1. Spot the failing condition for G36; the list is (1) out of contact with any helix residue (DSSP H, G or I) (no Cβ under 7 Å at 6 or more places or on another chain); (2) free of Cβ contacts under 8 Å to residues at least 60 places away in the same chain, and only one is missed.
2. Yes or no: L198 crowded, with 24+ Cβ neighbours inside 10 Å and not in a loop (DSSP other than H, G, I, E, B)?
3. If you take the residues of region 1-29 that are in a loop (DSSP other than H, G, I, E, B) and of a type in the set (D, E), which of them is nearest to L146 (Cα to Cα)?
4. Please count how many residues of region 153-183 are under 17 Å from L211 (Cα atoms) and out of contact with any Pro (no Cβ under 6 Å at 6 or more places or on another chain).
5. For region 204-239, name all the residues that are under 27 Å from E136 (Cα atoms) and touching an Asp or Glu at 6+ places or on another chain (Cβ under 7 Å).
6. Please specify each residue of region 41-57 satisfying the condition of being buried (at least 22 other Cβ atoms within 10 Å of the Cβ) and out of contact with any Lys or Arg (no Cβ under 8 Å at 6 or more places or on another chain).
7. Of the residues Q167, Q235, only one is touching a residue at least 60 places away in the same chain (Cβ under 8 Å), surrounded by 14 or more Cβ atoms within 10 Å (Cβ to Cβ) and among the polar types (S, T, N, Q); which?
8. Give the residues of region 81-138 that are out of contact with any Asp or Glu (no Cβ under 9 Å at 6 or more places or on another chain), over 26 Å from E176 (Cβ atoms) and not in a loop (DSSP other than H, G, I, E, B), sorted by residue number.
Amino acid sequence: MDEGKIALPSIIGGSGLQQLPDLEVLDRVEPQTPWGAPSSPVTIGRFAGRKVLFIARHSDRHGIPPHRVNYRANIAALTELGASCVLAFNAVGGIGAGLASGSLVVPDQIIDYTWGREHTYSDSADASLQYVDFTEPYDRDLRQALVDSAIGREEVVLNGGVYGATQGPRLESAAEIRRMERDGCDIVGMTGMPEAGLAREKGLPYACLALVVNPAAGKSHALITMDDIARVMEQRIPVVAAILADVCATALD
């Protein structure tokens, strides 16, 4: 991997990862950006022997719904603090065959079904218009590092797949999931966009490690319950944290 990509890695924690296990906190800063305040203070710390930046996407209290996350401020804050890449954790629903609860996915494509979100840095009065290439939304090297870590830990991981980003915070209907499946989606989440697109506008290599926490609507005879989701997170978040640690440790200070 290009060592420059992980000179100062940043991690965006989603549902279930409001704090990063084993992170040695050095400082917590609250940057103000031209797009407002980020979801939570950015933690500067040491993780797996590396200096890292960490931010909780939904706030430390997990109180910000997906459509209200200030994605622009989050990415801008990490950029201003010197982040060299973004490793994003997302809790998702499983659509594709074999993606049971607890499965790991490192997607290579994304479809954006969201609406009304502030999704670009190009719409302020003094901003220059950007047309960024988004053919490959996720960075190949970072993706491969996540996959290699999972395999090294003898975890089954889907290398590739399509993340369908929906508006939330409600879960989807079975008909919506059937449509997404026809579109080619393998997993469904609520926070993949505009985060990935904004990282591309800022020139930050970006990759997603997704944990399937429930079968998507209509993919199981059982109703989706928050208790079931919480149990999956409790069991699997330590594995997620270990994979992120492996990737952060792949280059030396």
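1. Result: G36 fails condition (1) only.
2. On the way: crowded, with 24+ Cβ neighbours inside 10 Å: yes; not in a loop (DSSP other than H, G, I, E, B): yes.
Here the answer is yes, as L198 does meet what is asked.
3. Filtering region 1-29 for residues in a loop (DSSP other than H, G, I, E, B) gives 1-2, 7-8, 14-23.
Those still in the list that are of a type in the set (D, E) too: 2, 22.
On the way: D2: 14, D22: 19 Å.
Among residues in region 1-29 that are in a loop (DSSP other than H, G, I, E, B) and of a type in the set (D, E), the one nearest to L146 (Cα to Cα) is D2.
4. The initial filter retains those residues of region 153-183 that are under 17 Å from L211 (Cα atoms), namely 153-166, 171.
Cutting the leftovers down to out of contact with any Pro (no Cβ under 6 Å at 6 or more places or on another chain) gives us 153-160, 162, 164-166, 171.
Residues in region 153-183 being under 17 Å from L211 (Cα atoms) and out of contact with any Pro (no Cβ under 6 Å at 6 or more places or on another chain): 13 in total.
5. Residues satisfying the conditions are P205, Y206, A207, N214, A216, V239.
6. Within region 41-57, the subset buried (at least 22 other Cβ atoms within 10 Å of the Cβ) is 42-43, 47, 52-57.
Result: F47, L53, F54, I55, A56, R57.
7. Numbers: Q235 fails: surrounded by 14 or more Cβ atoms within 10 Å (Cβ to Cβ).
After ruling out the rest, the residue left standing is Q167.
8. Scanning region 81-138 gives a single hit, L87.
Bear in mind that the values in this text are calculations on the coordinates, not laboratory data. This one's a predicted model, so the numbers in the text were calculated from it and none came from an experiment. Counting neighbours? That spans all protein chains shown, and the Cβs are built from the backbone with ideal geometry, glycine included.
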